[in-house]
């Protein structure tokens, strides 16, 4: 099945830095979602985006639905140790098999 | 508290044995899903069910079977036909087939 191209695959940053990651696809989606997964746990939904161009925030997290509907971006400002984990993007279409397509994940590591 | 539970957290089985993973939700969600996660990869859909007594194959259904006799429960059986069953298995649910899926804590299956 199709997977989304998510980058970077991993990031090593200092505490307090801002983080940016993105997800791209060759086809359009109607909804983009961003999840965070802690080691050994299930993913937790962070942000959902429903409209091209939409910009949505959740605390220090900001995500955008690309205007082409083929990409999405997630930014984390002023990173803290609890931001460590794997971030996944997921796209959803209204037509055809209505299922989520996931990116491969971005592993975030923070040096204190 | 409403949520999704998976049991057990860790499961060990000998090669050639069938094993059933449990997933229960009390969110009153209609749709339920099973995903497989391998190291460094995104989530891949095994099976999903929109309503009781109905389910559909996902991208990697071979070697797996499911049942949906109750709205709250969606057990997954990993059969001996699954060639590489060692993985982290995640169950999720959603309202109808809405894109926002909520995940359980996962079961790590190791086949020896």
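The values are calculated or read from the model by the stated rules, or taken from the named source; none is laboratory data. Nothing here was measured: the structure is a model prediction, and the numbers come from that model. Using ideal geometry, Cβ is built from the backbone for each residue, glycine included, and neighbour counts are taken over all protein chains shown.
Points to keep in mind about this one:
- Residue list for the range B:75-108, restricted to those being farther than 18 Å from residue B:50 by Cβ, in contact (Cβ under 8 Å) with a residue 12 or more places away in the chain, outside any strand (DSSP E or B) and more than 8 Å from every other protein chain (Cβ to nearest Cβ): B:79, B:80, B:81, B:82, B:83, B:85, B:86
- Single match in A:40, A:53 (criterion: within 9 Å of another protein chain (Cβ to nearest Cβ), out of contact with any strand residue (DSSP E or B) (no Cβ under 6 Å at 6 or more places or on another chain) and surrounded by fewer than 15 Cβ atoms within 10 Å (Cβ to Cβ)): A:40
- Checklist (1) closer than 16 Å to residue A:41 by Cα; (2) buried (at least 18 other Cβ atoms within 10 Å of the Cβ); (3) more than 12 Å from the chain's Cα centre (by Cα) applied to residue B:34, failing item: (3)
- Residues of the range B:32-47 that are at pLDDT below 95 and within 21 Å of residue B:70 (Cα to Cα): B:45 alone.
- Flag for residue B:6 being part of a strand (DSSP E or B) and at negative phi: yes
- Residue A:85 vs. criteria within 14 Å of chain B (Cβ to nearest Cβ) and at pLDDT 95 or above: yes
- The single condition among (1) under 27 Å from residue B:93 (Cβ atoms); (2) touching a strand residue (DSSP E or B) at 6+ places or on another chain (Cβ under 6 Å) that residue A:81 does not satisfy is (1).
- Taken over the range A:1-29, residues that are within 17 Å of the chain's Cα centre (by Cα), closer than 22 Å to residue B:37 by Cα and either within 10 Å of another protein chain (Cβ to nearest Cβ) or free of Cβ contacts under 8 Å to residues at least 24 places away in the same chain (or both) amount to 6.
- Check on residue B:100, closer than 17 Å to residue A:45 by Cβ, in contact with a strand residue (DSSP E or B) (Cβ under 7 Å, 6 or more places away or on another chain) and surrounded by fewer than 22 Cβ atoms within 10 Å (Cβ to Cβ): yes
- Taking the listed residues A:101, A:84, A:44, the one that is more than 13 Å from the chain's Cα centre (by Cα) and either touching a residue at least 12 places away in the same chain (Cβ under 8 Å) or under 25 Å from residue B:9 (Cα atoms) (or both) is A:84, with no other qualifying.
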